[in-house]
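**Q** Below are the structure tokens for one structure; questions will follow.
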Amino acid sequence: MPKVLTKKQIEQYHDEGFISPIRVISEKDALSIKIQLEEVEAQYPEEINSESRNNLHLSFAFLDALAHNTTIVDAIEDLIGPDIALWASVMFIKEPSSKQYVSWHQDATYMGLDSFDFPTPWIALSPSNIETGCMTMIAGSHHSEIQNHEDTFAENNILTRGQVIPNIDRSKGVDLILEPGEMSIHHGAIIHGSQPNKSNQRRIGFSLQSYVPPSIKQVVGKNIWTHIRGQKRKDINGIELSRPNYNMDPVTVEQRRVAEENLSEILYKGAKLKRKY
Ligand SMILES: O=C(O)CCC(=O)C(=O)O
């Protein structure tokens, strides 16, 4: 018996490559997380900024709590089973009336994992819709192989390499409209992207990228993970990360540095340039 998802939602994930929307927390709680986020952005600008946006769940306890949120993890368990680790997280912020966008891509391309079959929840901390630049998915595209991606390093493209899959027909896209506190879940091989934020408010999405079962291994860099639920991974030469006891816990802030260096090596392997995110 699934814990959170319906049979139909599980089928939709497998058939179309995504599920949306799923309520995780109330709008009020999402606003409270947004307020905490903006407080730490002001207080620790070196730790959290547009270039330092990965693995913030290691620096900030309120984001660690979201990564362990029961509704999110129950939904993931419905898809991948009871033994769950988190590989990384990314805070995707598009500023009001900005040109930042995300080109068509498949997450699994550069993640260094030996499978493409893993789910990513994306939690809206502000409204995510056509005006603010929500994610758009090409339904069913996860059934095909990983496509050729061209690295563009385009200035306003907020993907690491500005990698893009050319010639995607946007008219086939499905826009994932989310209210604050709702999430979508997408498959590691689905083709997706997002347009600029034309509104006068920030568009903030926390991408838990991704939850993996023990059968999926890191094969490009070191395997460094956060244990979430069930049996702990026992990977030889792997590192299990700790959880922050409070914001800017020095133990996990230091672990974040190690995880970031490793992630950067993996994401930019073979690239001509390396950006700071
Ligand atoms: O936040 C966005 O617009 C894109 C996020 C994304 O590509 C992802 O979470 O995989």
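**Q** Could you give the length gained by full extension between residue 145 and residue 219, i.e. 0.36 nm per residue of separation minus their alpha carbon distance, to one decimal place? Please list the in-between numbers first.
**A** Working: separation 74, 0.36 × 74 = 26.64 nm, distance 1.84 nm.
Once the chain is fully extended between residue 145 and residue 219, it gains 24.8 nm.
**Q** Where does the range 176-277 land on Rg/Rh, using Cα atoms and the Kirkwood Rh? Before the final figure, lay out the partial values.
**A** Working: Rg = 16.5 Å, Rh = 16.8 Å.
Radius of gyration relative to Kirkwood radius: 0.98.
**Q** Also, quick follow-up: Evaluate the relative contact order of the chain (contact order divided by residue number), counting alpha-carbon pairs under 8 angstrom at least 6 apart; express in whole percent. Show your work: numbers first, answer last.
**A** Working: 597 pairs, mean separation 87.1, N = 277.
Contact order relative to length: 31 percent.
**Q** With a bin width of 5 angstrom, please list the P(r) values of the range 82-197 as percents of all Cα-Cα pairs, from the 0 bin to the one holding the largest distance.
**A** Histogram of Cα-Cα distances, whole percents per bin: 2, 11, 21, 25, 22, 13, 4, 1, 0.
**Q** Give the peptides 83-90, 180-187, 212-219 in descending order of average Cβ contacts within 10 Å, highest first.
**A** Working: 83-90: 22.2, 180-187: 23.8, 212-219: 17.6.
Result, highest mean first: 180-187, 83-90, 212-219.
**Q** Let me ask another. Using a 1.4 Å probe on the protein heavy atoms, what percent of the accessible area of the range 1-160 belongs to carbon and sulfur? Can you show the working numbers first?
**A** Working: 3340 of 6660 Å².
Exposed carbon and sulfur together represent 50 percent of the surface.
**Q** Contour minus end-to-end for residue 99 and residue 39, with contour as 0.36 nm per residue of separation and end-to-end as the Cα-Cα distance? Mind dumping the intermediate values first?
**A** Numbers: separation 60, 0.36 × 60 = 21.60 nm, distance 2.44 nm.
Length gained between residue 99 and residue 39: 19.2 nm.
**Q** Per residue of the range 99-116, what does 6.51 cos²θ - 1.76 cosθ + 1.60 with θ = phi - 60° give for ³J(HN,Hα)? Whole Hz please, x for Gly and Pro, Karplus curve as stated.
**A** Taking θ as phi minus 60°, the curve returns 9, 5, 9, 10, 6, 4, 7, 10, 3, 5, 3, 10, 8, x, 8, 8, 8, 9 Hz for the range 99-116.
**Q** Given a 1.4 angstrom probe, what's the average accessible area per residue across the range 7-267, in square angstrom?
**A** Details: 10950 Å² over 261 residues.
About 42 Å² of surface per residue is accessible.
**Q** I've got another one for you. Which order do you get for 135, 1 if you rank them by accessible area with a 1.4 Å probe, largest at the top? Intermediate values should be presented prior to the final figure.
**A** On the way: 135 15, 1 215 Å².
Accessible-area ranking of 135, 1, largest first: 1, 135.
**Q** Alpha carbon centre of the range 103-154 versus the range 228-277: separation in Å?
**A** Answer, in whole Å: 21.
**Q** To continue, here is another question. What are the principal axis extents of the Cα atoms in the chain, in Å, biggest first?
**A** 46, 43, 41
**Q** If I model a spin label as a point 7 Å beyond the Cα along the Cα-Cβ vector, how far apart are those points for residue 254 and residue 200 in nm?
**A** 4.7
The values are calculated or read from the model by the stated rules, or taken from the named source; none is laboratory data. Only a predicted model underlies this, so the values are computations on that prediction, with no experimental measurement involved. Here Cβ is always computed from backbone atoms with ideal geometry, including for glycine, and neighbour counts include all displayed protein chains. Each accessible area value is taken on the protein alone, full model and side chains, heavy atoms only, with ligands, DNA and RNA left out. Shrake-Rupley method; radii C 1.70, N 1.55, O 1.52, S 1.80 Å.
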